[in-house]
Amino acid sequence: MTRRTLSLPWLGEGQTTSERLSTGLLIGAAFLLCVFLILPLGVLLMGSLFDDAGEFSLVRFIEFAATPGMGRAVWNTIWVALVVTVITVPLAFLYAYAIQRACLPLRGVWRIVGLSALLGPSLVGAISFIQWFGTQGVLKSWLGDSSVYGPIGIILSTVYASFPHALMILVVALATADARLFEAAEALSASRWRKFVTVTLPSARYGLISAALVVFSYSVSEFGIPKVIGGNFPVLAVEVYVQVVGMHNFGRGAVVALLLLLPVLVAFIVDWRIQRKQQASLTARAVPYVPRPDWRRDLPLLAYCVLVSVAMLGVLGMAAYTSLVKFWPYNLELSLTHYRYGLAEAGVLDAYLNSLKIAGLTTLVGTPFIFLVAYLLEKNRSGPAWLRPLVQGAAALPMGVPGLVLGIGYILFFNHPSNPLNGLYQTLAIMVIANVVHYYTSCHLTALTALKSIDREFESVSASLKVSQFVTLWRVTLPVCLPAVLEIARYLFINAMTTVSALVFLYSPETLPASVSILNLDEAGELGPAAAMATLIVITCALVSLAYSLLTHFLFRRQQAWRSPSR
Amino acid sequence: MAHLEIRNLSKHFGAFVALEQVNLAVERGEFLVLLGPSGCGKTTLLRAIAGLERQDAGQIFHGGEEISARSPALRDYGIVFQSYALFPNLTVAGNVAYGLKSRKADRGVGREGVRRRVVEMLALVGLPGIEHKYPAQLSGGQQQRVALARALATSPDLLLLDEPLSALDAIERVRLRAEIRHLQTRLGVTTIMVTHDQEEALAMADRIVVMKSGRIQQVGGPQDIYRAPANDFVADFIGRGNLIEGPAVGERHVRFGKLMLRCAEPLSPGRAHRFYVRPEDICLYDTLDQRENSFYAYVQKHEFLGAYSLVTLRTHDLAEQPLVAQFSSNYLAGRPIAAGATVRVGIPPEHLRPLPEPA
Ligand SMILES: Nc1ncnc2c1ncn2[C@@H]1O[C@H](COP(=O)(O)OP(=O)(O)OP(=O)(O)O)[C@@H](O)[C@H]1O
Ligand SMILES: [Mg+2]
């Protein structure tokens with residue numbers, strides 16, 4: 001063994017054990033990312049490009065194009081996504097603007113409420129809009145003659161679900177304003193509107209493009225919402241689900257999944273490039289902008305925040321209310337029947353426990369893995385030339401792969417009888433892995449940002465002191481990056497708790513997760529228990545977020561002595 | 001073989017040549033300074049010695065052993081970076097003790113031994129009693145000393161310093177450079193320091209290595225480098241100077257315009273020579289002084305800089321080129337020098353140094 005490693009030039013003499021270990025670990029990570037990301041996607045690609053006889057052909061695409069109704073599904077997917085983008089981005093931009101650039105009371109509250117949709121599965125919105133505007137909806141009259149089951153419901157729910165994703169990006173984009181620009185504009189006595197158009201908008205343009213791409217991709221690849229509230233309105237994402245889960249037509253499913261993958265992948269490649277430019281445009285000497293009170297600006301923005309918050313809470317609240325009402329809309333008495341019934345008979349408890357297990361494991365496995373890989377990428381300089389680009393690419397890829405596509409890739413790859421990992425299929429383990437891979441990129445970027453912000457010579461110093469880099473990782477790098485690590489853990493937990501898209505293809509009756517069970521309960525017409533389950537998930541995620549906030553708060557208090565910026 | 005020897009070291013970053021054919025020998029106990037403008041490859045050379053950057057070609061020997069292919073952890077040196085790279089979450093004591101437990105020689109010392117060594121090191125760098133502070137609670141100069149204490153705690157055979165003083169203010173910088181030099185002499189540790197500040201280099205070094213674009217321009221003691229620059233670049237980079245050019249007349253004389261000056265060194269008659277005159281080597285005489293190499297000039301500009309004045313002189317005899325002279329305030333003793341005045345100045349023959357022809 002030793003002999004063989006020594007014969008490889010990049011694991012040669014003159015290296016310490018920990019340097020060899022570090023290269024070895026990175027190779028191991030590359031291997032895992034290949035098996036659990038690249039190969040499944042590769043199989044998906046092959047599955048759609050080769051016919052049954054194993055010959056290269058576009059026959060599946062031709063078949064697909066010839067299927068009646070497919071053209072409509074493609075068109076519907078695109079126009080709905082465009083409408084959702086056009087609505088969500090301005091809404092979120094104004095909200096982010098109010099949070100960052102106005103003097104509002106309770107800024108923290110508006111922010112949390114604005115992000116609250118992240119706490120539940122995307123289906124929460126769909127369930128809630130059914131209750132508000134559905135056949136027996138409270139506000140059905142608002143929609144006039146049109147029905148919420150269809151594009152209207154899909155658009156409403158998707159706007160609700162994608163709002164926080166856009167908001168997060170825009171809050172960051174608006175946080176980095178350069179006060180000097182505003183002072184210059186003021187010195188030129190530019191009008192409020194001109195300042196907005198000439199200073200605010202251009203400086204946030206990368207954020208706006210990024211948010212638009214994220215919302216568009218979200219809408220294209222979301223299938224839980226159209227499934228629940230879409231009625232007979234055909235969209236591609238549901239088509240994949242129907243083909244694969246309903247008809248077991250994996251080949252057709254692969255073709256549709258590939259069609260979904262393309263626009264999303266393109267969007268994220270564009271976004272990736274834009275982000276690069278944005279980083280370059282931020283100068284280190286920028287002076288942060290601190291808004292001054294101005295009621296003519298603040299009052300309308302406050303009203304807007306209240307309005308949006310009421311709407312957001314109205315959606316969340318309706319789901320919770322539905323879970324407590326005995327028999328909508330005839331008996332509005334509050335009770336825990338749905339919870340009791342659900343927990344006892346509809347398998348809600350099992351599903352909930354499954355979800356907790358999956359989310360917990362995703363956090364426990366994903367956080368160390370993602371952080372370690374980011375660390376090795378950042379600090380390891382040896383190893384073969386292909387290694388780092390490979391891992392970097394694999395870490396960036398999941399952002400552009402909808403969960404749905406990943407799920408189908410997993411089915412095609414792991415369900416194949418000749419795959420030695422076949423045993424993984426439908427286990428908890430595969431769902432945990434799917435979650436880690438699905439949410440990899442955001443976490444990777446968080447870790448990378450934290451690692452890049454610390455002194456890049458820590459490893460050099462410890463090498464000169466003859467201390468293993470892993471000792472330094474444990475004693476210095478990890479403690480310094482702890483906030484980022486906790487952030488990754490929280491992100492993984494909440495997403496694993498709420499995700500539907502990849503898991504819907506991977507569960508077995510024993511491993512059914514809570515978020516997917518909502519879909520099934522809804523299909524069975526059990527809206528009450530479905531709402532109960534959704535509420536449970538929201539509460540769990542809210543508690544985890546609270547725990548996270550408390551933890552970071554106390555951590556900062558304890559570590560204030562060394563975290564405070566130098567005197 | 002010298003204590004540290006570098007042979008034909010080359011390093012490229014893509015198409016960019018960061019180091020080219022660098023040869024250097026460092027003696028035991030020596031304080032060597034790498035000096036050069038930004039981007040000339042000083043840091044790259046230092047990092048190559050540390051093994052943090054791998055050379056494309058060439059060899060490095062340390063204490064007679066070849067270390068060219070060894071990873072940083074298998075070489076014997078302590079290093080201080082420009083950023084200090086102190087571990088923010090460890091106290092000063094934790095930082096200084098960081099490398100102590102891992103070394104075989106130190107394993108036996110135990111807890112008490114480590115503590116004693118930390119106290120000793122902090123006393124050495126003049127910061128006793130700050131063991132329990134965190135780096136963020138220290139001033140830049142204090143952080144710098146802690147970084148030095150950490151690098152020296154393991155008694156490395158070689159000390160590498162990358163612009164250790166550049167993040168400090170001017171006063172702290174001058175104080176610390178004396179302290180570092182004093183410490184180095186006391187410990188006798190072979191030291192290589194990088195800087196782009198020529199004054200710092202002149203003040204601290206036993207020998208200076210002047211670099212430009214990845215190549216070594218000159219190696220020598222501060223006096224040699226200052227007095228006898230090997231080429232235009234070194235002459236220009238170290239201190240101020242006047243470059244004047246003229247044909248030799250006979251073995252010892254050179255003509256500048258109408259002026260004939262004697263030179264202490266032999267010249268080849270008839271050929272054009274270039275000379276390098278330091279501003280402080282231009283002397284100011286009484287108006288009627290007639291000694292050799294003296295001439296009249298008028299003052300074009302006078303800059304008073306406290307301890308000395310910089311005077312831009314013009315002379316019709318010496319073509320159109322202005323001469324910059326430096327007169328110490330002490331030497332002027334209150335004699336007023338105002339723009340427009342005519343003065344008698346001179347360049348003593350031994351200060352008229354011919355420069356080697358550019359290669
Ligand atoms: N990792 C790298 N990749 C590409 N180019 C590099 C890298 N490191 C250094 N260089 C280039 O090599 C040249 C020499 O760099 P080096 O850091 O040695 O300069 P320096 O003399 O220390 O300059 P300074 O005084 O600015 O620190 C620079 O032009 C730099 O841009
Ligand atoms: Mg440098």
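Structure notes:
- Odd one out for B:Pro128, checked against (1) assigned to a loop (DSSP other than H, G, I, E, B); (2) under 18 Å from the mean Cα position of the chain (by Cα); (3) away from chain A (no Cβ under 14 Å): (2)
- Of all residues in the range A:463-503 being part of a loop (DSSP other than H, G, I, E, B) and over 22 Å from B:Arg70 (Cβ atoms), the one that is nearest to the other protein chains (Cβ to nearest Cβ): A:Cys481
- Residues in the range B:4-31 that are more than 11 Å from ligand 1 (Cβ to nearest atom) and either buried (at least 22 other Cβ atoms within 10 Å of the Cβ) or among the aromatic types (Phe, Trp, Tyr) (or both) were compared, and the one that is nearest to B:His62 (Cα to Cα) is B:Leu4.
- Residue check for B:Leu52: among the hydrophobic types (A, V, I, L, M, F, W, C), within 14 Å of chain A (Cβ to nearest Cβ) and either out of contact with any Gly (no Cβ under 7 Å at 6 or more places or on another chain) or within 16 Å of A:Gly14 (Cα to Cα) (or both): yes
- Any hit, the range B:75-82, residues being of a type in the set (A, V, I, L, M), closer than 23 Å to A:Pro479 by Cα, out of contact with any strand residue (DSSP E or B) (no Cβ under 7 Å at 6 or more places or on another chain) and modelled with pLDDT of 90 or more: no
- Search result, residues across the range A:9-26 that are surrounded by 12 or more Cβ atoms within 10 Å (Cβ to Cβ) and either within 10 Å of chain B (Cβ to nearest Cβ) or at pLDDT below 85 (or both): A:Trp10, A:Leu11, A:Gly12, A:Gly14, A:Gln15, A:Thr16, A:Ser18, A:Glu19, A:Arg20
- Within the range A:443-462, tally of residues that are facing another protein chain (nearest Cβ under 7 Å) and of a type in the set (A, V, I, L, M): 1
- Restricting attention to the range B:33-89, the residues that are touching a residue at least 40 places away in the same chain (Cβ under 8 Å), surrounded by fewer than 17 Cβ atoms within 10 Å (Cβ to Cβ) and more than 15 Å from ligand 1 (Cβ to nearest atom) total 5.
This table checks each residue for (1) in a loop (DSSP other than H, G, I, E, B); (2) within 13 Å of another protein chain (Cβ to nearest Cβ).
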{"site": "B:Arg150", "(1), (2)": "no, yes"}
{"site": "B:Pro156", "(1), (2)": "yes, yes"}
{"site": "B:Leu159", "(1), (2)": "no, yes"}
{"site": "B:Ser166", "(1), (2)": "yes, no"}
{"site": "B:Ile180", "(1), (2)": "no, no"}
{"site": "B:Leu183", "(1), (2)": "no, no"}
{"site": "B:Met193", "(1), (2)": "no, no"}
{"site": "B:Leu202", "(1), (2)": "no, no"}
{"site": "B:Ile208", "(1), (2)": "no, no"}
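- If you go through the range B:174-199 and pick out every residue that is away from ligand 2 (no atom under 14 Å from the Cβ) and buried (at least 19 other Cβ atoms within 10 Å of the Cβ), you end up with 9.
- Going through (1) closer than 19 Å to B:Thr154 by Cα; (2) surrounded by 22 or more Cβ atoms within 10 Å (Cβ to Cβ); (3) more than 12 Å from chain A (Cβ to nearest Cβ) one by one, B:Leu100 falls short only on (3).
- When the strands (runs of 3 or more DSSP E) confined to the range B:1-98 are screened for residues that are away from ligand 2 (no atom under 16 Å from the Cβ), those reaching at least 2 such residues are found at B:4-13, B:16-26, B:57-62.
- Residue match in the range B:192-201 (condition: more than 16 Å from ligand 1 (Cβ to nearest atom) and touching a residue at least 24 places away in the same chain (Cβ under 8 Å)): no
- Filtered by the rule that a residue be more than 21 Å from A:Thr446 (Cα to Cα) and free of Cβ contacts under 8 Å to residues at least 12 places away in the same chain, the range A:382-414 gives A:Ala385, A:Trp386.
- B:Gly140 closer than 26 Å to A:Ala463 by Cβ, away from ligand 2 (no atom under 16 Å from the Cβ) and within 12 Å of chain A (Cβ to nearest Cβ): yes
- Some residue of the range B:224-237 being touching a helix residue (DSSP H, G or I) at 6+ places or on another chain (Cβ under 6 Å) and either more than 16 Å from ligand 1 (Cβ to nearest atom) or assigned to a helix (DSSP H, G or I) (or both): yes
The values are calculated or read from the model by the stated rules, or taken from the named source; none is laboratory data. Every value quoted in this text rests on a predicted model; they were computed, and no experiment measured them. Neighbour counts are summed over all protein chains in view; Cβ atoms, including those assigned to glycine, are modelled from backbone coordinates with ideal geometry.
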